[in-house]
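The structure appears below as structure tokens.
The values are calculated or read from the model by the stated rules, or taken from the named source; none is laboratory data. Bear in mind the structure is a predicted one, so any value in this text is a computation, not a measurement. Positions of Cβ are backbone-derived with ideal geometry, glycine not excepted, and every protein chain shown enters the neighbour counts. Surface areas here come from the heavy atoms of the whole protein model, side chains and all, with no ligands, DNA or RNA. Shrake-Rupley method; radii C 1.70, N 1.55, O 1.52, S 1.80 Å.
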Amino acid sequence: MKKEFRHPEQVLQEFRLRLSVASVFVLVLFFVLVARFVWLQVFNYNKYIAQAEDNRITVLPIVPNRGLIFDRNGVPLARNYSAYTIEITPSRVPDLEATIDDLSRIVDIQARDRKRFKKLMEESKNFESIPLRTRLSDEEVARFAVHRYRFPGVELKARLFRQYPQGESAAHVVGYIGRISKKDEERIAEFEDSQNYRGTQFIGKEGLEKRYERELHGKTGFEEVETAAGGRAVRVLSRSNPTPGNNLILSLDFRLQEAVEKAFGQRRGALVAIEPATGDVLAWVSNPTYDPNLFVDGIDPENWKLLNESADRPLLNRPLSGTYPPGSTYKPFMALAGLETGKRKSWQSISDPGFFVFGNHRFRDDKEGGHGAVDMFKSIVVSCDTYYYQLGNDLGVDAIATFMEPFGFGRLTEIDLDGEKKGILPSTEWKRNAYKKPELKRWYAGETISVAIGQGYNSFTPLQLAHAMSNLANNGVVMRPHLVKAVQDVNTGEKRILERQPRNRIPLNQENVDFIKQAMVGVNLEGTSAKAFANAPFTSGGKTGTAQVFSLKANEKYDAKRVGERFRDHAWFIAFAPAENPKIALAVIVENGGFGAQSAAPIARTAIETYLTAKEEVKP
């Protein structure tokens, strides 16, 4: 085979050509690189320098101290304290159960701590720090610090904890805080200042803690921290201090609150006491109650089950959400309706044979044989049912409803707590809207007879009864009941009084009002509650009431001894004092307590006497 020889000059030219092409290619790439460099470093300098700063600087939120809650005399009902807690970030722990077991050999970890931790894990994100043990002792802190290197993902943190120093007392008013859930996050998203909750782990769940969350929370601060490439903090560049939340000064008198709770003992029921001239709620008792401290760290399943499944319903805020027939406490308002509408004169009498016949039905009086001749004053003092059977029949249900509504029956009081029930103020319109079947929509005249003595469809909250009593004691001037009296700025100490102007005035004849109030004074002096108020150092007006839990059969007589305790009648009592210038008006109910004079009236006397005659000074 013949070998071809190429000329050296030709080979050199080809090499130079390839070299030129390669040089041009490299040069183009170089220019592209330079252009990109110029684009990044010149035209986009501000953008990328900001990103670099963001990577270098971490902004950390600083959660503010939560505002405190005090009663009207400075007694603390909710406060904060600092303590250490052991927290675990699940995403950083390889074997969670083994880690907790090892920790339990160093610090005391109870079964309830583990249960609460698991419950919080279900509600939290995997990368969040979750408390396992809170309120560590100094000895436990020291022991963990020595072994800390063995537990990656486990941290010792100093935190402010919420505490309710009065425990179960006034729990349904104050409420409690808890860890923020998904539902709470949705609620926060609706806030105009939702960014103010960055870093916040707890929020008000119930009571005033929830209603006044925005006042109590404060303003979140921020800290700019320079971090190394590995995320380690190097130094603090700047700091914006948080603003503590405002304090709440309540209208509650804790002396009165404690006295009433003690008077209730183990009995179920509720009491609301109001200052008529201002609408200040002086006492708010719901019994049985609960310890709000159980909820602060997340309640353990065992305690939650006990509270949630108890037949006594300790979580129910009875004054706000419990509804009951008012019984004979309705009679003073019915009597006033009779006077105001002209259907009755105070001096007019009826003959009470012990029953009232309507159609084919006989409505019995509580006194066999009746009370004889009964005028309006006596009808209130001895609580004569027959008098009000007749009056209710003459008025009609719609006239009754029209008169009662301005006093607050069947209407929200708009008190500063969430979850208030409206109750039922029966009328023909109410019944048409309440039922679907045509035969049930019709109002029967016989139903009015039961309504007139506070039974039938009537159903109101203890708050509504106390509010109505306050409106009557205040001569028809309606004040909105409220629990927070003032909001205090922590930094300046300045108190912002929440002014309460009268909502309206019910147009009433003062002579009629005075007569009803005097008749109620007669109840406590010579009537159904005279024994409970014997030798009282004040003059007061009141009215007993008994509310049926279940309906009796025709002509069947009620016998408390023959029915189970939870089927017995509820005991009511409403009152105001002093009679000449009321400073307190209240309503109290003892569930299944029977006759109001025996169960409820003594509690009312304790409340009034404590508030009017207590001379001990309470130190803040």
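If you check residue 439 against the conditions, is it open to solvent by 40 Å² or more (accessible area, probe 1.4 Å), in a helix (DSSP H, G or I), out of contact with any helix residue (DSSP H, G or I) (no Cβ under 8 Å at 6 or more places or on another chain) and of a type in the set (Asp, Glu)?
Against the criterion (open to solvent by 40 Å² or more (accessible area, probe 1.4 Å), in a helix (DSSP H, G or I), out of contact with any helix residue (DSSP H, G or I) (no Cβ under 8 Å at 6 or more places or on another chain) and of a type in the set (Asp, Glu)), residue 439 qualifies.
Please determine whether any residue of segment 462-470 is assigned to a loop (DSSP other than H, G, I, E, B) and open to solvent by less than 10 Å² (accessible area, probe 1.4 Å).
Taking every residue of segment 462-470 in turn, none turns out to be assigned to a loop (DSSP other than H, G, I, E, B) and open to solvent by less than 10 Å² (accessible area, probe 1.4 Å).
Quick check on residue 402: is it open to solvent by 70 Å² or more (accessible area, probe 1.4 Å), hydroxyl-bearing (Ser, Thr, Tyr) and modelled with pLDDT of 95 or more?
yes
Return only the number of the condition from (1) assigned to a helix (DSSP H, G or I); (2) over 30 Å from residue 376 (Cβ atoms) that residue 431 does not satisfy.
Among (1) assigned to a helix (DSSP H, G or I); (2) over 30 Å from residue 376 (Cβ atoms), residue 431 violates only (2).
Looking only at segment 476-524, how many residues end up being open to solvent by 60 Å² or more (accessible area, probe 1.4 Å) and either over 30 Å from residue 347 (Cα atoms) or of a type in the set (S, T, N, Q) (or both)?
Summing the residues that are open to solvent by 60 Å² or more (accessible area, probe 1.4 Å) and either over 30 Å from residue 347 (Cα atoms) or of a type in the set (S, T, N, Q) (or both) in segment 476-524 gives 17.
With the structure loaded, tell me whether residue 421 is surrounded by 14 or more Cβ atoms within 10 Å (Cβ to Cβ), basic (Lys, Arg) and not in a loop (DSSP other than H, G, I, E, B) or whether it fails that test.
In short, no.
What residue, among those in segment 157-178 that are modelled with pLDDT of 85 or more and more than 24 Å from residue 281 (Cβ to Cβ), is surrounded by the most Cβ atoms within 10 Å (Cβ to Cβ)?
Looking at the filtered set, the residue picked out is 178.
For the condition open to solvent by less than 30 Å² (accessible area, probe 1.4 Å), aromatic (Phe, Trp, Tyr) and modelled with pLDDT of 95 or more, what is the one hit in 409, 377?
Selected residue: 409, the only one of 409, 377 that is open to solvent by less than 30 Å² (accessible area, probe 1.4 Å), aromatic (Phe, Trp, Tyr) and modelled with pLDDT of 95 or more.
Within segment 1-113, which helices (runs of 4 or more DSSP H) (wholly inside it) include 1 or more residues that are basic (Lys, Arg) and modelled with pLDDT under 80?
Of the helices (runs of 4 or more DSSP H) lying wholly inside segment 1-113, those with at least 1 residues that are basic (Lys, Arg) and modelled with pLDDT under 80 span 8-38, 45-56.
Out of the residues in segment 340-364 that are of a type in the set (Val, Ile, Thr) and assigned to a strand (DSSP E or B), which is nearest to residue 447 (Cα to Cα)?
Residue satisfying both the conditions and the ranking: 357.
Output yes when any residue across segment 275-284 is more than 29 Å from residue 404 (Cα to Cα) and open to solvent by 20 Å² or more (accessible area, probe 1.4 Å), and no when none is.
Among the residues of segment 275-284, not one is more than 29 Å from residue 404 (Cα to Cα) and open to solvent by 20 Å² or more (accessible area, probe 1.4 Å), which makes the answer no.
To keep it simple, each residue is scored yes or no on (1) modelled with pLDDT of 90 or more; (2) polar (S, T, N, Q).
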site	(1), (2)
467	yes, no
471	yes, yes
475	yes, yes
486	yes, no
493	no, no
499	no, no
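What pairs can you find where one residue is in segment 78-90 and within 24 Å of residue 165 (Cβ to Cβ), the other is among the hydroxyl-bearing types (Ser, Thr, Tyr) and modelled with pLDDT of 85 or more, and their Cβ atoms are less than 6 Å apart, with a gap of 6+ or different chains?
From segment 78-90, the pairs are 78/164.
Within segment 221-246, take every residue that is open to solvent by 10 Å² or more (accessible area, probe 1.4 Å) and touching a helix residue (DSSP H, G or I) at 6+ places or on another chain (Cβ under 8 Å) and give me the one that is modelled with the highest pLDDT.
246
Touching a strand residue (DSSP E or B) at 6+ places or on another chain (Cβ under 8 Å), surrounded by 12 or more Cβ atoms within 10 Å (Cβ to Cβ) and more than 30 Å from residue 314 (Cα to Cα) - does that describe any residue in segment 111-134?
yes
What single numbered condition from (1) touching a residue at least 12 places away in the same chain (Cβ under 8 Å); (2) surrounded by fewer than 21 Cβ atoms within 10 Å (Cβ to Cβ) fails to hold for residue 206?
Failed condition: (2).
Identify the residue in segment 365-409 that is assigned to a loop (DSSP other than H, G, I, E, B), of a type outside the set (D, E, K, R) and without any contact (Cβ under 8 Å) to a residue 24 or more places away in the chain and, among all such residues, is nearest to residue 508 (Cα to Cα).
Once the filter is applied, the top-ranked residue is 371.
Which pairs turn up if I take residues in segment 490-516 that are in contact (Cβ under 8 Å) with a residue 12 or more places away in the chain and outside any helix (DSSP H, G or I) and look for partners that are surrounded by 12 or more Cβ atoms within 10 Å (Cβ to Cβ) and among the charged types (D, E, K, R) with beta carbon separation below 6 Å, at least 6 apart in sequence or on another chain?
Within 6 Å, the pairs are 503/480.
For residues that are out of contact with any Gly (no Cβ under 9 Å at 6 or more places or on another chain) and open to solvent by less than 20 Å² (accessible area, probe 1.4 Å), tally how many sit in segment 598-607.
Counting residues in segment 598-607 that are out of contact with any Gly (no Cβ under 9 Å at 6 or more places or on another chain) and open to solvent by less than 20 Å² (accessible area, probe 1.4 Å) gives 1.
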